[in-house]
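Asks: Below you'll find the structure I mean.
The values are calculated or read from the model by the stated rules, or taken from the named source; none is laboratory data. Predicted model, so just to flag it, every value in this text is computed and none were measured. Note: ideal-geometry Cβ built from the backbone for every residue, glycine included; neighbour counts use all protein chains shown. Calculation scope for accessible area: heavy atoms of the full protein, side chains included, ligands and nucleic acids excluded. Shrake-Rupley method; radii C 1.70, N 1.55, O 1.52, S 1.80 Å.
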Amino acid sequence: MTTAVVEKQRSAAALLGRLAKARELGLLVALFLLFGATAIVNPRFIGVQSLKDILLNTAIVALLAVGQTLVVVTRNIDLSVGSVLGLSAFVTGLLFADHDIPIVVAFAVGIVIGAVCGVVNGVLVAVCRIPALVVTLGTMYVFRGIDYWLAGGRQVNAADMPSAFLKIGSGSIAGIPILPLIALVLLAAAAWGMRNLRSGRELYAIGSNPDAARLAGIPVGRRLFVSFVLTGALSGLAGVLWAARFGTIDATAATGFELNVVAAVVVGGVAIFGGSGTVVGAALGALLLSTIGSALVVLKVEALWERAITGALLLLAITIDRVLAIRAERALRASASRGATTVPNGNGAAPPPPPADEPAVATNVSEGSTRR
Amino acid sequence: MALTRTVSATALKRFIPLIGKTCNGACPVSHSEPSRPLLSLEGVGKTFGALRALDGVSLDLYPGEVHALMGENGAGKSTLVRILAGVHRPDTGVVRLDGEEVTFADPAAARDAGIAVIYQEPTLFGDLSVTENVFMGRQPLGRFRAIDRKAMRTQVEALFARLGVALDPDRPASGLSIADQQLVEIAKALSLNARVIIMDEPTAALSSREVERLFTVARTLREDGAALVFISHRLDEVYALCDRVTVLRDGKFVSADPLADVTEDELVRRMVGRDLDALFPKIDTTPGEVALKVERLTREGVFTDVSFEVRAGEIVALAGLVGSGRSEIARCVFGIDKYDAGSVTVRGSSLKAGRPTAAIDAGIALVPEDRRQQGLVMELSIERNATMTQMGGLARFGLLSGRAERARAKEWSTRLQLKYRRLSDAVGVLSGGNQQKVVLAKWLATQPKVLIVDEPTRGIDVGTKAEVHRLLSQLASEGVAVLMISSELPEVLGMADRVLVMREGRLAAEFDRADATEETVLSAAVGRRAA
Amino acid sequence: ACGGTTKDSNDDSAAGPASSASANPDAPLKEGLKIAFLPKQVNNPYFTVADKGGEKAVKEFKGTYKEVGPSDASASSQVQYINTLTQQGQDGICVSANDANAVVPALTQARQRGVKVVTFDSDAAVAGRDAFVNQADPEALGRTEVQLLAKQIGEKGKIAILSATPNATNQNAWIEFMKDELKKYPGMELVKVAYGNDDDQKSFQETQGLLQAYPDLKGIISPTTVGIAAAARYLSGSPYKGKVALTGLGTPNQMRQYVKDGTVKQFELWDPAKLGYLCAYAAAALSSGQITGKEGEKFKAGELGEYTIGKDGAILLGPPQVFEAANIDQFNF
Amino acid sequence: MSTTVLPPKETSEPRPSAFAEHSPLRRLLSWEGAITALLIFAVLAASFGVEGFADSFNLTNAQLDIVEIAILSLTLTLLVVIGEIDLSIASNLGMCSALMGVLWNAGLSIETIIPITILVGAVAGALNGFLVTVLGLPSLAVTIGTLALYRGLAYVLLGDKAVADFPVDYTSWTSKTIGSLPIPNPTVLVIILAIIVGILLHATPIGRSLYAIGSNKEAARFAGIRVKRITFWLFVASGAFAGLAAIIYTFRFSSARADNANGLELTVVAAVLLGGVSIFGGRGTLPGVIVAVLLVGVIRNALILDDVAPDTLMLVTGGLLIISVLAPNAVTWGRERWRLRKLAQKAASTS
Ligand SMILES: Nc1ncnc2c1ncn2[C@@H]1O[C@H](COP(=O)(O)OP(=O)(O)OP(=O)(O)O)[C@@H](O)[C@H]1O
Ligand SMILES: Nc1ncnc2c1ncn2[C@@H]1O[C@H](COP(=O)(O)OP(=O)(O)OP(=O)(O)O)[C@@H](O)[C@H]1O
Ligand SMILES: [Mg+2]
Ligand SMILES: [Mg+2]
């Protein structure tokens, strides 16, 4: 019986594991269907140019979704990403316009600005123990305020920036647009780290049970701090890329963008209360949402409907997720046989079986009467 | 995976501490000792707010001993454990490791110093696999500092084999029963190869077979020269496993002796500070009307076709293996879960399924098995918790007044001899036993006709336990129908007028008080004819 | 509707305070007038330029200038600013309304307290203001844009419009005239009006979508500065560069790059600085009693010369400037 | 049951302390006390330091500026107390406003439109409630979804149009004051609603159970509290209040548009958190939230009146929000440090 039980449990667990992967798979299927359906109406939708455009549109939001995943798996959230992006983008543009800096410096400055914003968030969350939602709602205003103050109504235009820099925003290497390439490299690195590094796994542990994480000796504060700094740095980088891509920057760049990012993360299957979800899922979520945006245009859906459709899809995604999770849970419960957790001869293990006449009973008989 | 202690120098092997009976903890280790303590506490104090949880406590742990830590609820045992684990820092006093004074900045520091802790409350990561739970923060690394999953998996399988656990290492930890969670915790502690292993009530949710398995492992560890701290409220376990015992009372050190030198009665007296009354003060009553009638109750996959009745003034015990479905029945009767078939009748009128409010109105009260999650709202004050079930009754014209609540809460905390500082304190700062009293207060205040208690004395010290038993007995004598779910056979046999035995979701047997013996009940629970 | 207040039973007659005072064309411009500029949103470069023009004018007639405004382009926050300006006792407010109607109650209150209200760029309902400085005749603007495009594509082919938000009053008025003008070009077909919400990324995506949905698209008109810049950027980086014509309203600074690289041949815009300048003078003239806002009244607007108030208190700035490779370097805004 | 369960033996009565239970001192040290002091200070500073602040015209308008925020914050407080959140309120408001425009254009009477609007708001709230309670989805995710959905539906309903010809009787009602007092009609409505919600939260069994739900849903269920039902109805109430706010908003600006109150949800959330409601649920009071809404209103009004730039306004809003949570933490931390130092001194002096 024992092996059978374990096998059953295994298959149930495998089912759960598959479901987690199914999340990514499901997103791919959804993307496939979306591309297919749209291509039937307009074959150019899967043309090279169109695919390039879609990837370009996704790159920045995907980058932010990757960063957001780092904080969301720890049961936190960063609503300030839009403001950080805006600040970094504007400062980048400003430096180009007024100081003619080299491109490398622009990237460095943008990333550093983002990281510094991340440090502010990180200190407030990890050291001062303020809920991230509150902190980043506050810094969302603060960073944007600084952005406004710096800009003072100014706008930086494409003509102010070197064309080599603008090329990064729209150019390609070997036919692959640069922006998505950058996003892809960072995505791969993040995905590898989240899966294979201790610190990556610890982020999941923190999100799953913060108190237990502390007891397990995980430096919770430090991990949270670092994940906010990384998210900030990614937002900062995204800001530089934004400048390269859009060419026109004022203080309002990426206002309200944080909701798109959170939506992508949620559609990508990252649990909003931490502990599960992958950066790949989040990036696919971003891809799906931006593809939907493009497809609706191509499908000539009334522009007014777009937002409503996005919202409905978001709800659909989390609902399907939930239904699948409930099913998996049920499967697990059905397969786990009752009271079979302790098995006398489990796996043919070394310890000798207890005396056959001692019943395995849920009783801890006191006064030592049954223990001879 | 090799679990043998590599440190085990021959000199340490099979060492049995021999300490004078009168030595009062703080006394220096005499020169005749063959070894100095591995870990020691000296005059440690810890204060929470105005509460002195520990006050000048000392403790010496020698390699190769199992040291019992005993004391009533709230005596400060878990607090002491948390200090050793680096969770809390002591306000006063010092911790010495190998004679050196140390400060554990955080749990990782303590862990790196070779201290493993199994906490009273399981601390698992529900979203992660069992394997990851065991190795979180110390996963074996392979190339590029990446986690070596294969090695991790092999080690976990070896650990589980050693513990005799048949758990799928890849399943997520969420959904594990409390017993399984505890087993994962134990595997985690073992995997550390620690020199000091602290177990805070590890057996509270384990079956006797699992307990025995744990003891075997603990004894091997002792042989290998590790120092173990074992906390339990069950005297038999303490006597079966431990070598020495330190007793705490009200955060103060009382005594430290070899267990062989202390009788059970003496130990209890030291813990409680007075002589105990009879352990199971059952008052004989004549059962009255049928108060609770359960007919052919079924919940798919959980329990099937369960029928029984409980009369006013009667205590009926529901016994059985862990996971035999007893708690689930209680949940269904009370309306937390819905049942698929059958009916529940309270004093003649049938009860709507899935409606706790209906159950409460009908006069049912349920003291759930998990008081932290189900019994109490930890952040809320004692008074709010105690009056939570009677808010409707306390309200006048639909409005509540704080004064009425406080009066009601005070009345019941006095009756149950609750130890607290202020009624407005969060209930979470109370010790386990006192928390259980608040749960009892909150339900007794509804003046129930049918009282269901699920593991009413789990994790409760002997003194409080006796109080709870007396309370149940008295309630029954006042005409309350009591349904008691318990995994402690002496409690079942001592308290119950009738014993119902569950097996695999079915009612397996029913015994009158006279017929119920350990033999008969156990046999029914495992499905064998009484020998 | 049974007996309640319905649209039909409700003949609205909420006229603003009737300007009973009569104009004195010879009255001098008062000194020390307090003129406030309230753009749709501060930090919007277009309005920054416009307000700068206003500041110049106010300096000329020795008044006190200030610019205030919300950081988000919403009607409700603009109302908050109107109320404070009223409270501060400004002499004139130059406002570009986020919502033509939502600002009316607040503006009415302001006018009741003696504040002169001139709208610019985006008008409020007539009841809410004394005058409106119109950057361009909607009819002329709508028609010239179609003409500009028609010339570029040889009056043949499918075209699309990339507008701002679906409820932008200006754009919608222009689009109506564009549609009318298009009737004169039987070879041109308007296939779609897309909305980029004055959001760069959205406009970019919409352009891309337009070209996919209508591969044979010949031209795009984007009567909004954000939209035309985004569309130009998309085109300049795509194979459609030079093949799809783009025109509309844009600022020379934003478009310089694309005019030079050949993505865009011609586009147009009025000079926002002049718009602000004229608006400030109109407010001053109102406050000084030179005009009351009635049709036919005349006033002098500094270096811009004399203006005559048209129907419904509208003052027309003049024809828009067409920018092309030859002249774009002469402009900096 | 007249139980004399246990003979009262030695009782462990707490000693009465200076910090007893609800002593005024304790209350003053609470967040509500601090923020009230801050409000009083802000009002005094604005009255003396900012010209025109204390004027009745300004005071009336300052109140009108926060009417919708106040209404939405009432139900949001309840939701946050039970550990949920509703980010769709402003979108719901926009949708209801657009609906008013459509219905008005369709020729319905205002008297019919008003109840329909509130009803539709409630139905939208019920959808949130359904997804949260029946499917067990996290409200943060759900309401981010409906935030997009409802705003989208607003555009679908009214598109690019604006409806502005609402009857003057109604639109002017919103700015009329009570006699010559500087109190506009909507304020009276808000006060009535606040009293009702305040009593509900702080003095009724249901209100009490909200705190239990917010701290531990399972324990609340075991105590016989109908967690799901209460949660559901709070979402419905939140939607209905959004509908009500939509009516006031639409009349106040005499303009039904799809983008009405865009982004207002974050302001409301910020006000609720500033009011001392814990984002994790289980803690917070309605008076605290009301004071916070007033504080935000006063500060904004005074700063705008004093010609402070919007960037500073944003810094102040964000900073205030962070400080509101930082300050209590810092106080606790400081107290703990002080206590430890005292302990250490005592230990040093005795040894
Ligand atoms: N974090 C804390 N804050 C405030 N008080 C605390 C805290 N932790 C423990 N206490 C208090 O310290 C005292 C000792 O608690 P502790 O948990 O150590 O008792 P215990 O001996 O383990 O009891 P039990 O047998 O019930 O587990 C109790 O009164 C408890 O309420
Ligand atoms: N928190 C939980 N999560 C998942 N499964 C659980 C949980 N608690 C109990 N179970 C499972 O539900 C089934 C019935 O458990 P139930 O608690 O009713 O049994 P019981 O006889 O009361 O045992 P116990 O003595 O542990 O309370 C068992 O298979 C058990 O493993
Ligand atoms: Mg304990
Ligand atoms: Mg149980």
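Asks: Just for segment B:422-462: of the residues that are farther than 24 Å from B:VAL316 by Cα and more than 17 Å from the chain's Cα centre (by Cα), which one is nearest to ligand 2 (Cβ to nearest atom)?
Replies: B:VAL427
Asks: Quick test for you: out of D:ALA258, D:ALA220, D:ALA237, pick the one residue that is surrounded by 19 or more Cβ atoms within 10 Å (Cβ to Cβ), part of a helix (DSSP H, G or I) and facing another protein chain (nearest Cβ under 9 Å). Quick ask: steps written out before the conclusion?
Replies: On the way: D:ALA258 fails: part of a helix (DSSP H, G or I); D:ALA237 fails: facing another protein chain (nearest Cβ under 9 Å).
When all the criteria are applied, what remains is D:ALA220.
Asks: Moving on. Tell me, yes or no, whether segment A:275-292 has at least one residue that is within 11 Å of another protein chain (Cβ to nearest Cβ) and modelled with pLDDT under 85.
Replies: No, every residue in segment A:275-292 fails to be within 11 Å of another protein chain (Cβ to nearest Cβ) and modelled with pLDDT under 85.
Asks: Ok, one more. Residue by residue through segment B:186-224, note down the ones that are of a type in the set (Ser, Thr, Tyr) and away from ligand 3 (no atom under 16 Å from the Cβ).
Replies: Of all residues in segment B:186-224, those of a type in the set (Ser, Thr, Tyr) come to B:191, B:203, B:207-208, B:216, B:220.
Those that are of a type in the set (Ser, Thr, Tyr) and away from ligand 3 (no atom under 16 Å from the Cβ): B:SER191, B:SER207, B:SER208, B:THR216, B:THR220.
Asks: Anything in segment B:41-81 that is surrounded by fewer than 24 Cβ atoms within 10 Å (Cβ to Cβ), within 13 Å of ligand 1 (Cβ to nearest atom) and charged (D, E, K, R)? List them, or say none.
Replies: The answer is B:LYS46, B:ARG52, B:ASP55.
Asks: Still on this structure, please answer the following. Does B:GLU309 satisfy being assigned to a loop (DSSP other than H, G, I, E, B) and either touching a residue at least 60 places away in the same chain (Cβ under 8 Å) or within 16 Å of B:LYS449 (Cβ to Cβ) (or both)? Show your work before the answer.
Replies: On the way: assigned to a loop (DSSP other than H, G, I, E, B): no; either touching a residue at least 60 places away in the same chain (Cβ under 8 Å) or within 16 Å of B:LYS449 (Cβ to Cβ) (or both): yes.
When the stated conditions are applied, B:GLU309 does not pass them.
Asks: State the number of residues belonging to segment B:355-396 that are away from ligand 1 (no atom under 16 Å from the Cβ), touching a residue at least 60 places away in the same chain (Cβ under 8 Å) and surrounded by fewer than 20 Cβ atoms within 10 Å (Cβ to Cβ).
Replies: 1
Asks: Could you check how many residues of segment C:176-203 are open to solvent by less than 10 Å² (accessible area, probe 1.4 Å) and of a type outside the set (Asp, Glu)? I'd like the intermediate steps shown before the answer.
Replies: Start the filter on segment C:176-203 by keeping residues that are open to solvent by less than 10 Å² (accessible area, probe 1.4 Å), which leaves C:178, C:181, C:194, C:196, C:203.
From what's left, of a type outside the set (Asp, Glu): C:178, C:194, C:196, C:203.
Qualifying residue count, segment C:176-203: 4.
Asks: What residue, among those in segment C:270-279 that are surrounded by 23 or more Cβ atoms within 10 Å (Cβ to Cβ) and within 14 Å of another protein chain (Cβ to nearest Cβ), is farthest from C:PHE61 (Cα to Cα)? Reasoning before the result, please.
Replies: Residues of segment C:270-279 surrounded by 23 or more Cβ atoms within 10 Å (Cβ to Cβ): C:272, C:275-279.
Retained after the next criterion (residues that are within 14 Å of another protein chain (Cβ to nearest Cβ)): C:272, C:276.
Values: C:PRO272: 20, C:GLY276: 14 Å.
Across segment C:270-279, the extreme among qualifying residues is C:PRO272.
Asks: For a quick check of your reading: which helices (runs of 4 or more DSSP H) sit entirely within segment B:104-212 and have at least 3 residues that are of a type in the set (D, E, K, R) and in the same structural domain as B:VAL81 (by the TED database)?
Replies: By residue number, B:178-191.
Asks: Next question. Could you figure out which of (1) in a helix (DSSP H, G or I); (2) more than 30 Å from A:TRP305 (Cβ to Cβ) isn't true of D:MET95?
Replies: Looking at each condition in turn, D:MET95 falls short on (2).
Asks: Among what's in segment D:223-282 and is in contact with a Ser or Thr (Cβ under 7 Å, 6 or more places away or on another chain) and basic (Lys, Arg), pick the residue that is nearest to D:VAL123 (Cα to Cα).
Replies: D:LYS228
Asks: Filter segment B:473-525 down to the residues that are open to solvent by 20 Å² or more (accessible area, probe 1.4 Å), touching a residue at least 12 places away in the same chain (Cβ under 8 Å) and of a type in the set (Ser, Thr, Tyr) and list them by number.
Replies: Within segment B:473-525, B:SER477, B:THR517 qualify.
Asks: Same structure again: Filter segment C:84-112 down to the residues that are facing chain D (nearest Cβ under 9 Å) and open to solvent by less than 10 Å² (accessible area, probe 1.4 Å) and list them by number. Give the steps one after another, and end with the answer.
Replies: To start, the set of residues in segment C:84-112 that are facing chain D (nearest Cβ under 9 Å) comprises C:84, C:86-89, C:99-106, C:109.
Result: C:THR84, C:THR86, C:ASP99, C:ALA102, C:VAL103, C:ALA106.
Asks: Testing B:LEU351 on (1) in contact (Cβ under 8 Å) with a residue 24 or more places away in the chain; (2) away from ligand 3 (no atom under 16 Å from the Cβ), one condition comes back false. Which one is that?
Replies: Just one mismatch for B:LEU351, condition (1).
Asks: I need the full set of residues from segment A:214-258 which are among the β-branched types (Val, Ile, Thr) and without any contact (Cβ under 8 Å) to a residue 60 or more places away in the chain, in order please.
Replies: Keep residues of segment A:214-258 that are among the β-branched types (Val, Ile, Thr), which gives A:218, A:220, A:226, A:229, A:231, A:240, A:248-249, A:252, A:255.
Answer for segment A:214-258, where residues must be among the β-branched types (Val, Ile, Thr) and without any contact (Cβ under 8 Å) to a residue 60 or more places away in the chain: just A:ILE218.
Asks: Sticking with this structure for a sec: Just to be sure before I move on: is C:VAL259 over 18 Å from the mean Cα position of the chain (by Cα), in contact (Cβ under 8 Å) with a residue 12 or more places away in the chain and within 12 Å of chain A (Cβ to nearest Cβ) in the structure I sent?
Replies: Yes: the conditions hold for C:VAL259.
Asks: Residue check: is B:ARG213 within 20 Å of the chain's Cα centre (by Cα) and open to solvent by 10 Å² or more (accessible area, probe 1.4 Å)? Quick ask: steps written out before the conclusion?
Replies: Values: within 20 Å of the chain's Cα centre (by Cα): yes; open to solvent by 10 Å² or more (accessible area, probe 1.4 Å): yes.
Criteria met by B:ARG213.
Asks: All but one of (1) at the interface with another protein chain (Cβ under 8 Å from one of its Cβ atoms); (2) of a type in the set (Phe, Trp, Tyr); (3) surrounded by fewer than 24 Cβ atoms within 10 Å (Cβ to Cβ) hold for A:TYR141; which doesn't?
Replies: (3)
Asks: Does D:ALA246 qualify as being more than 30 Å from D:ALA327 (Cα to Cα), open to solvent by less than 10 Å² (accessible area, probe 1.4 Å) and at pLDDT 95 or above? Talk me through it step by step, then tell me what you get.
Replies: Values: more than 30 Å from D:ALA327 (Cα to Cα): yes; open to solvent by less than 10 Å² (accessible area, probe 1.4 Å): yes; at pLDDT 95 or above: yes.
When the stated conditions are applied, D:ALA246 passes them.
Asks: Related question: Report, by residue number, each residue of segment B:397-417 that is of a type in the set (S, T, N, Q), buried (at least 18 other Cβ atoms within 10 Å of the Cβ) and closer than 17 Å to D:GLY198 by Cα. Outline the logic, then answer.
Replies: Initially, segment B:397-417 is screened for residues of a type in the set (S, T, N, Q), giving B:401, B:413-414, B:417.
Those left that are additionally buried (at least 18 other Cβ atoms within 10 Å of the Cβ): B:413, B:417.
Selection gives nothing.
Asks: Moving on. Given (1) of a type outside the set (D, E, K, R); (2) more than 20 Å from B:LEU206 (Cα to Cα); (3) within 16 Å of ligand 3 (Cβ to nearest atom), where does B:GLN155 come up short, assuming only one miss?
Replies: Checking B:GLN155 against (1) of a type outside the set (D, E, K, R); (2) more than 20 Å from B:LEU206 (Cα to Cα); (3) within 16 Å of ligand 3 (Cβ to nearest atom), the one that fails is (3).
Asks: Could you say whether any residue in segment D:104-114 is in contact with a Lys or Arg (Cβ under 8 Å, 6 or more places away or on another chain) and open to solvent by less than 30 Å² (accessible area, probe 1.4 Å)? Don't jump to the end; show me each part of the working.
Replies: Step one: filter segment D:104-114 for residues in contact with a Lys or Arg (Cβ under 8 Å, 6 or more places away or on another chain), giving D:104-105, D:107.
Among the residues that remain, those that are also open to solvent by less than 30 Å² (accessible area, probe 1.4 Å) are: D:104, D:107.
Yes, the conditions are met somewhere in segment D:104-114.
Asks: I'd like to verify a number: residues in segment A:87-132 that are outside any helix (DSSP H, G or I) and within 14 Å of chain D (Cβ to nearest Cβ), how many?
Replies: Applying the first criterion (outside any helix (DSSP H, G or I)) to segment A:87-132 yields A:100-102, A:128-131.
Of the ones still in play, those that are also within 14 Å of chain D (Cβ to nearest Cβ) are A:128-131.
Of the residues in segment A:87-132, 4 are outside any helix (DSSP H, G or I) and within 14 Å of chain D (Cβ to nearest Cβ).
Asks: Still on this structure: Give A:ALA97, A:ALA115, A:ALA65 a once-over and let me know the one that is open to solvent by less than 10 Å² (accessible area, probe 1.4 Å) and under 30 Å from C:ASN44 (Cβ atoms).
Replies: Numbers: A:ALA97 fails: open to solvent by less than 10 Å² (accessible area, probe 1.4 Å); A:ALA115 fails: open to solvent by less than 10 Å² (accessible area, probe 1.4 Å).
One residue alone meets the criteria, A:ALA65.
Asks: Sort out which residues of segment A:303-317 are under 15 Å from A:SER290 (Cβ atoms) and either of a type outside the set (Asp, Glu) or open to solvent by 50 Å² or more (accessible area, probe 1.4 Å) (or both), and write them in order of number. Please lay out each step first, then the result.
Replies: Kept after step one, since they are under 15 Å from A:SER290 (Cβ atoms), are these residues of segment A:303-317: A:306-307, A:309-310, A:313-314, A:317.
Matches in segment A:303-317: A:ARG307, A:ILE309, A:THR310, A:LEU313, A:LEU314, A:ALA317.
Asks: Here are B:LYS293, B:LYS338, B:LYS282: which of them is without any contact (Cβ under 8 Å) to a residue 60 or more places away in the chain, within 28 Å of the chain's Cα centre (by Cα) and open to solvent by 30 Å² or more (accessible area, probe 1.4 Å)? Spell out how you get there, then give the answer.
Replies: Numbers: B:LYS293 fails: within 28 Å of the chain's Cα centre (by Cα); B:LYS282 fails: without any contact (Cβ under 8 Å) to a residue 60 or more places away in the chain.
Result of the check over B:LYS293, B:LYS338, B:LYS282: B:LYS338.
Asks: Here is a further query. Within segment C:28-66, which residues are surrounded by 22 or more Cβ atoms within 10 Å (Cβ to Cβ) and assigned to a strand (DSSP E or B)?
Replies: Selection gives C:ILE35, C:ALA36, C:PHE37, C:LEU38.
Asks: Still on this structure, I have one more. List, please: which pairs have Cβ atoms under 7 Å, are six or more places apart or on different chains, and start with a residue in segment B:445-466 that is without any contact (Cβ under 8 Å) to a residue 60 or more places away in the chain and end with one that is within 16 Å of ligand 4 (Cβ to nearest atom) and open to solvent by less than 10 Å² (accessible area, probe 1.4 Å)?
Replies: Note: pairs meeting the criteria are B:THR457/B:GLU491.
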